[in-house]
1. What does the C-alpha gyration tensor say about the overall shape of the stretch 204-256? Classify as rounded when a/c is under 1.5, otherwise prolate if a/b is larger than b/c, or oblate.
2. Once neighbouring chains are kept in place and the probe is 1.4 Å, which whole percent of the accessible area of the chain is contributed by carbon and sulfur?
3. Under a plain spin-label model, where a point goes 7 Å from the Cα along Cα-to-Cβ, how far apart in nm are residue 106 and residue 198?
4. When only Cα pairs under 8 Å and 6 or more residues apart are kept, what is the percent relative contact order across the chain?
5. Jot down the radius of gyration and Dmax of the stretch 139-237, Cα atoms only, both in angstrom.
6. Using only Cα atoms, what Kirkwood radius does the chain have, in angstroms?
7. Within the stretch 159-259, report the trypsin sites (Lys or Arg not before Pro) that DSSP leaves as loop and that have at most 12 other Cβ atoms within 10 Å.
8. For the stretch 196-207, just list the computed ³J(HN,Hα) in residue order, Karplus coefficients 6.51, -1.76 and 1.60, θ = phi - 60°, integers in Hz, with x standing in for Gly and Pro.
Amino acid sequence: MRYAIGVRIAGERVSVGAVEENHVVGPIRRYPEAGNPGDSLAETPAESFGEVLQREIEKAAAGAEISAIGIGAPGIIRDGLIEECPNLQQLKGLNLRTVLSAAFPTSAILIGNDADAVAAGIAATRGQLDKVTRVWTLGVGLGLGRYPRTEGIWEAAHCVVTLDPKERFCGCGGLGHLEGILGHRAMRLRFMDMEPEEIFQQATQGDERCRNFANLWHRALAGATASSIHLEGPGKFYISGRNSKFVETGLLHVYLHEMVKMSTLQGSYFEVIPTPDEIAIIGAAVNARS
Ligand SMILES: [Zn+2]
């Protein structure tokens, strides 16, 4: 047997699966395992991180030949090098491709961004690998994933959606950024007394401050999407991740249509979809294989 292995590094966990065609074969492995609090990704030093990955990849392959290994990781990754990784700081400066190439010399290896893996996974599982697929991932971090992958930085979370100098909640320190409005941490900083769930709950009940923020939140996401449309053209935008539950799709469409007026750029729309780890694993493998 020959499998491609897909790996998702997200939040506090690594998930690994063997992929054949466009589906996962066998169980998805996780590190740390559920119910094993002794292992922690945050406390795994960079030197051991490669060993953890190697071991999990070998177990997922279960003796089969590994044709390709695809990794979807958070942060900025270029040529296999993790240049920025806000949630797992110790990985900054680690060249994952070098580490994995040494362990798996005959496998094709691709280290990419988690959001791009999600986009590829959506495209693969929906049978649309011939189309451009874009997805906003609204999780701990924020990302805009794209399939097919293209060269570049693609830090869409930090695109500027407001010129108000008081908008300063982005974790990177930049003013007016999308993540400064939509980011989980940013929302908690803005509403010191409320969790994001409570903010949106109260917005639906008509609390003025919360409703105003919920509108700003949707406007910001529509604005960043409008920028993508003006650069790359219209199309379908998926929204996934745990904070996608706050999305009011109708409101987003209203704001987007206020922002995109050229007739040739009409016709974009949003769909909120849950994307379990499996989707990102498949996408990471698909990207590595192609
Ligand atoms: Zn920023």
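The values are calculated or read from the model by the stated rules, or taken from the named source; none is laboratory data. All values derive from a computational prediction rather than experimental measurement. When we count neighbours, we look across all protein chains shown, and the Cβ atoms used for this are built from the backbone with ideal geometry, even at glycine. Just so you know, the surface numbers come from the protein's heavy atoms only, side chains and all, with ligands and any DNA or RNA stripped out. Shrake-Rupley method; radii C 1.70, N 1.55, O 1.52, S 1.80 Å.
1. It comes out prolate by the Cα gyration axes.
2. Using a 1.4 Å probe with all protein chains present, the chain comes out at 51 percent carbon and sulfur.
3. With each label placed 7 Å out from Cα toward Cβ, I get 5.8 nm.
4. Relative CO of the chain lands at 22 percent.
5. Cα radius of gyration and Dmax of the stretch 139-237 are 14.2, 44 Å respectively.
6. 19.7 Å
7. Sites meeting the loop and neighbour criteria: 166.
8. Once rounded to whole Hz, the list reads x, 4, 5, 4, 6, 4, 5, 4, 5, 8, x, 4.
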